[in-house]
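These notes are about the structure you will find just below.
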Amino acid sequence: MSAFRLFVLCLLVSASVLAVCAAPLSFSGASVALTILPDLTPPKMPSRAGIVSARLQERLTAEMRSHFDLFVYVSKSDRGPLAQRMSFANSRTVLKRTD
């Protein structure tokens, strides 16, 4: 094993030990917790209303928006966040969904 690989391995082991211990450090009265772990939280999914709003904004023309005040979005899909959902949108307000 080369010296560089050995150095990297030692560095990773040291970081792992510090991460597992998460020992609080103290510097002149200030307390700091050292944690070296990746953020494993899943990315936040947009709300159903946000997805429907984005789809309506993509598909509705300015002429359609000017002639109609109420839009009904019906999803026939059998899977996904909008599966079997119906949503109502006013031309200038936020969407309201029904289950």
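No value in this document is a laboratory result; all are computed from the given coordinates. Quantities reported herein were computed from a predicted structural model and do not represent experimental measurements. A quick note on method: Cβ atoms are made from the backbone with ideal geometry, for glycine too, and the neighbour counts reach across all protein chains shown.
So the values come out like this:
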read-out	value
Inter-label distance for residue 40 and residue 6, nm, one decimal - labels placed 7 Å from Cα along Cα-to-Cβ	3.2
Linear extension gain, residue 67 paired with residue 83, 0.36 nm per residue minus alpha-carbon span	2.9 nm
